[in-house]
1. Percent of accessible area on the range 30-189 owned by carbon and sulfur, 1.4 Å probe?
2. Checking the cross-link filter: which lysines have an alpha carbon closer than 17 Å to that of Lys71, excluding same-chain neighbours under 8 positions apart?
3. How much length is gained on full extension from Ala65 to Glu141, taking 0.36 nm per residue of separation minus their Cα-Cα distance?
4. Please compute the per residue accessible area over the range 21-156 with all protein chains in place, 1.4 Å probe, rounded to a whole number of Å².
5. Which of rounded, prolate or oblate describes the range 68-147 when judged by the alpha-carbon gyration tensor and an a/c cut-off of 1.5?
6. Any idea what the dipole of the range 17-176 comes to, in debye rounded to 20, about its Cα centre with Lys/Arg Cβ at +1 and Asp/Glu Cβ at -1?
7. Between Asn22 and Ser98, what length comes free when the chain is fully extended (0.36 nm per residue of separation minus the Cα-Cα distance, one decimal in nm)?
8. Taking H as built 1.01 Å from N, whose amide H comes closer than 5 Å to the amide H of Lys16, not counting residues under 5 places away?
Amino acid sequence: NLYGSESVNIISDSRKLVTTVNLELETKEFEQTMSGIEGKVQELGGYIESMDTYNGSSYTGGRSARYSDMKIRIPAPRLREFMNTVSSAGNIIRRNDSVEDVTLSYVDMESRRDTLRTEQSRLLEFLDKADSVETVIALEERLSEVRYQLESMESRLRTLDNLVEYSTVSLNITEVRELTPGEEQTVGE
């Protein structure tokens, strides 16, 4: 194929997309909302990567609002289902979505990894046939460098795989007495 459209089709069919959603949610029922979201994360096969929860304080006489900042990882195909749960759990006051296409950098890293694997195999073959101590030392030094680079590349690929397979949702939940009213919509909207 002169124009390489076959490879373009392969790439477009297996795009590597990293999806991130940032949400701010208000709720009147803090415990119920937290429990519902944590249950849904587990049900969908996701996990909570980090959570910072403040349960309020009555020390000063008044009671300050409870809140939780969560970083949640959801299997990418189940993100829409999770977002539906969050939408019904409270009042979303801010939402920001971003999708980053990392396909080309991923393919480049895979290519570099494959080149390093090939070099490692060749170095091992040369090492078996080495006939002097100096040659053995030089080959082992280069082999050590190649192995380090290979491990680093494989680690970066695993990290990207995780970011692609699990969408990231940064969720801020705040307890309020009254929900922020939504904007009035016109008939046209």
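1. Summing carbon and sulfur atoms, their accessible area is 47 percent of the total for the range 30-189.
2. Reachable lysines: Lys40.
3. Values: separation 76, 0.36 × 76 = 27.36 nm, distance 5.94 nm.
In short, 21.4 nm is gained.
4. Spelled out: the 1.4 Å probe surface of the range 21-156, per residue, equals 63 Å².
5. Working: a/c = 5.10, a/b = 4.00, b/c = 1.28.
Verdict is prolate for the range 68-147.
6. For this selection, approximately 640 debye.
7. Working it through step by step, the gained length comes to 26.5 nm.
8. Residues meeting the criterion, in which the H sits 1.01 Å from N, are Val102, Thr103.
The values are calculated or read from the model by the stated rules, or taken from the named source; none is laboratory data. Computed from a prediction, not measured in an experiment: that's the story for all the values here. As a convention, Cβ positions derive from the backbone with ideal geometry for all residues, glycine included, and neighbour counts pool all protein chains shown. To get the accessible areas, we keep the full protein, side chains included, count just its heavy atoms, and leave off ligands, DNA and RNA. Shrake-Rupley method; radii C 1.70, N 1.55, O 1.52, S 1.80 Å.
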